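Worksheet: the structure to be examined is printed underneath.
The values are calculated or read from the model by the stated rules, or taken from the named source; none is laboratory data. Everything numeric in this text was worked out from a predicted model, so none of it was measured. Using ideal geometry, Cβ is built from the backbone for each residue, glycine included, and neighbour counts are taken over all protein chains shown.
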Number of protein chains: 2
Amino acid sequence: MTETTEKPALPDNPFIAEMLRQTRAFDSYGVNEDLNQFEIMQPYVVTKEQRRDMPIIGDPDEELIARLKAYYSALAMRIEAGCGKMATPMFNISHEGFGRVIISVGKLIVLDRSLRDVHRFGFPSLDKMCEEADKLITAALKLVETYPDAAEA
Amino acid sequence: MTETTEKPALPDNPFIAEMLRQTRAFDSYGVNEDLNQFEIMQPYVVTKEQRRDMPIIGDPDEELIARLKAYYSALAMRIEAGCGKMATPMFNISHEGFGRVIISVGKLIVLDRSLRDVHRFGFPSLDKMCEEADKLITAALKLVETYPDAAEA
């Protein structure tokens, strides 16, 4: 990856590799095709200043919805890697950017989040993103351990 | 209910009362306001002949989506009544009428169905609708019994 040597390095976390994979998978219009890894990950960073400049209410566009889905799909893939069982995300997002996302393993819901302000989806930094992801993945894997029968069902 | 005495009777099943309630709840445009109970339930009946005349592929309209949501919400309410724990439906339906619906109790998925051909949603008769509903409710309640801890979580 010659291009990344000239840019700030991406966090050394397997979640980033999965995010790149999922972001490419959800890129139905090829928006990211000519971008390097760093450029692909940049839209996930929304600094405090950027957030302050965004409208409180706004309709999320398709690229943003694609990023949100890539994020939760990457979480599902890491949960799957962690427990060896299929993890499936499911989304319900309104045009106004409200909704719910779950990730299920068997009959067990291992992640369940209300979505709001989807149009402002992003993280203060990629390190923070990885930190949050690690927490969510750990919590999900703990649920699989706690309710193994439902997760197997 | 004077009006129903002149019409064919509705099935004597608590699911019908819940269907009427949910259909009214999802009736955002007041389409059903002046209808009697029998008229409200009629669009749920799609006979073999009607189904044959429908296009194989078609975009479901909003009223049909409302009926589909009313049906699964009524199932959730009957599951809730049966186990005394909150049951929540979640929908993911594409514009093309494909998708998935789940009903969860706690962290347990008690109903999980792929949706397709949503534009042809309906039942051969209201009795058949109640029969199918009873089966789905029984199966869901059995899952709550089998995995009580996940359902409590």
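In the condition set (1) touching a helix residue (DSSP H, G or I) at 6+ places or on another chain (Cβ under 6 Å); (2) within 30 Å of A:Pro148 (Cβ to Cβ), A:Asn32 is compliant with all but (2). The number of residues in region B:113-140 being away from every other protein chain (no Cβ under 14 Å) and either of a type in the set (Val, Ile, Thr) or assigned to a helix (DSSP H, G or I) (or both) comes to 16. When you scan region A:121-129, do you find a residue that is aromatic (Phe, Trp, Tyr) and touching a residue at least 60 places away in the same chain (Cβ under 8 Å), even just one? Yes; the residues of region A:121-129 include at least one that is aromatic (Phe, Trp, Tyr) and touching a residue at least 60 places away in the same chain (Cβ under 8 Å). Exactly one residue among B:Val110, B:Val144 is surrounded by 19 or more Cβ atoms within 10 Å (Cβ to Cβ), among the aliphatic types (A, V, I, L, M) and not in a helix (DSSP H, G or I), and that residue is B:Val110.
Scanning region A:73-108 for residues that are within 11 Å of another protein chain (Cβ to nearest Cβ), farther than 21 Å from B:Tyr147 by Cβ, more than 14 Å from the chain's Cα centre (by Cα) and among the hydrophobic types (A, V, I, L, M, F, W, C) returns a single hit, A:Ile93.
Residue-wise test of (1) farther than 21 Å from A:Met90 by Cβ; (2) of a type in the set (Val, Ile, Thr).
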| position | (1), (2) |
| --- | --- |
| B:Glu33 | yes, no |
| B:Ile56 | yes, yes |
| B:Ile79 | no, yes |
| B:Gly82 | yes, no |
| B:Arg100 | no, no |
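If the condition is being surrounded by 14 or more Cβ atoms within 10 Å (Cβ to Cβ) and modelled with pLDDT of 90 or more, then region B:36-63 contributes B:Asn36, B:Gln37, B:Phe38, B:Ile40, B:Met41, B:Pro43, B:Tyr44, B:Val45, B:Val46. Looking at this structure, is B:Lys69 basic (Lys, Arg), out of contact with any His (no Cβ under 6 Å at 6 or more places or on another chain) and either without any contact (Cβ under 8 Å) to a residue 60 or more places away in the chain or surrounded by fewer than 15 Cβ atoms within 10 Å (Cβ to Cβ) (or both)? Against the criterion (basic (Lys, Arg), out of contact with any His (no Cβ under 6 Å at 6 or more places or on another chain) and either without any contact (Cβ under 8 Å) to a residue 60 or more places away in the chain or surrounded by fewer than 15 Cβ atoms within 10 Å (Cβ to Cβ) (or both)), B:Lys69 qualifies.
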